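Everything on this sheet refers to the single structure shown next.
No value in this document is a laboratory result; all are computed from the given coordinates. Since the model is a prediction, treat every value here as computed from it, not as a measurement. With ideal geometry, Cβ positions are generated from the backbone for all residues, glycine too; neighbour counts draw on all protein chains shown.
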Amino acid sequence: MSCNTSFQFQKDFEVRSYQVDPAGKLSLVALSNLFQEIAWRHADSADFGRSLQEQNLSWILSRLEITCEKLPSWGDSIKVYTAGRGVDKLFAFREFLVTSPSGDALACGMSSWVLMNVRTKRIFRPENALPAVLFDPSEKPEWQPGKVRLKGELVKSEKVKVRYSDLDLNNHVNNTSYLRWVENILRENGCHTLPFSINYLAECVMGDELDIHLYDHQGRYIVQGLVAGKQVFLAEAK
């Protein structure tokens, strides 16, 4: 966890009642929603967010890793920061930081993204579409989200069907919907959720039926999602 203090964009939030879990703490899904919101706001502020959609380009989240010091509670004021952290081949990196108003680190995240033409499915090198001040192609972060590997003993399996409310602007499953499925199966089976990693491996669309499997590997929990036998995501609570 770097929690680099040099960030490009910041926004203040208050933890709302609908963002907390039964313990009154910010849920994993709500935390990922904050990351997604601050990423879009930063992108739009510098004209590399929704404006890219006019070129049929869209940011596709590939990997996300979250570490946590202390989750905020209902009613807490928090500050959420983000910044581009360079490029490695086709991947652009974005870091997140959540702090208290006094600056105490509460949670950190690192993510990797690809820039895709949603019609042709062609991947664009980020530096060909973005200014270097945002995603410097000569910079590579020391902290990069790792690869999640399937291992352990099968604990639980369930089926989930993609519904309308799971979709994003591109009619694909929103990256936070995957986290909701993962958080549900983890917490309903007495498993922890943080620190957390997820690899997005394939797209899902409305009507898809996922087989979700929970594995226990020496106190680390792996969640696998498949559609018709094809792996679409792997997540790990460490």
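What is the ratio of the Cα radius of gyration of the stretch 122-237 to 2.2 N^0.38 Å, where N is its residue count, to two decimals?
1.21
List the pairs from Lys11/Lys238; Lys79/Lys147; Lys79/Lys151; Lys79/Lys140 whose alpha-carbon separation is above 31 Å, in the order I gave them.
Beyond 31 Å between Cα atoms: Lys79/Lys151.
Of Pro72, Ala129, Gln8, which is farthest along the charge dipole of the stretch 1-153 in the positive direction, counting Lys and Arg as +1 and Asp and Glu as -1 at C-beta?
Farthest along the dipole direction, towards plus: Ala129.
Can you give the Rg to Rh ratio of the chain, both from alpha-carbon atoms, with Rh computed by the Kirkwood formula?
Across the chain, the Cα-based Rg/Rh ratio is 0.95.
Need the list of lysines near Lys161 for cross-linking: C-alpha distance under 19 angstrom, and skip anything on the same chain fewer than eight residues off.
The reachable lysines, counting only those whose Cα sits under 19 Å from Lys161, are Lys230.
Say the dipole of the stretch 9-128 comes from +1 at the beta carbon of Lys and Arg and -1 at that of Asp and Glu; which of Ile60, Phe96, Ser32 then lies farthest toward its positive end?
Towards the positive end, the residue furthest out is Ile60.
Using the Cα centre of the chain as the reference point, and only Cβ charges (+1 on K/R, -1 on D/E), how large is the resulting charge dipole? Debye, rounded to the nearest 20.
I would put it at about 460 debye.
Return the calculated 222 nm mean residue ellipticity for the chain, to the nearest 500 deg cm²/dmol, obtained by summing -39500 (n - 2.57) across DSSP H runs with n ≥ 4 and dividing by the residue count.
-4500 deg cm²/dmol, from helical runs alone.
Tell me which of Trp143, His217, Trp181 sits at the most positive position along the dipole axis of the chain, charges placed on C-beta atoms (Lys, Arg +1; Asp, Glu -1).
Toward the positive end, the furthest listed residue is His217.
Subtracting the Cα-Cα distance from 0.36 nm times the residue separation, let me have the gained length for Ser100 to Lys156 in nm, one decimal. Please report the intermediate quantities before stating the final value.
Details: separation 56, 0.36 × 56 = 20.16 nm, distance 3.65 nm.
Computed gain between Ser100 and Lys156 is 16.5 nm.
From the C-alpha gyration tensor of the stretch 9-128, pull out the three semi-axes of the equivalent ellipsoid (sqrt of 5λ each), sorted largest to smallest, in whole Å.
Numbers: eigenvalues 166, 38, 34 Å².
They are 29, 14, 13 Å, listed from largest to smallest.
Determine the gain in length on full extension of the stretch Glu209-Arg119; use 0.36 nm per residue of separation and subtract their C-alpha separation, reporting nm with one decimal.
Gain on stretching Glu209 to Arg119: 30.0 nm.
How about the stretch 110-209: which GluC sites (Glu not before Pro) there lie in a loop by DSSP and see at most 16 other Cβ atoms within 10 Å? Don't skip to the answer; put the middle values down first.
Numbers: sites: Glu127, Glu139, Glu142, Glu153, Glu158, Glu183, Glu188, Glu203, Glu209; in loops: Glu139, Glu142, Glu188, Glu203.
Hits after loop and neighbour filter: Glu139, Glu142, Glu188, Glu203.
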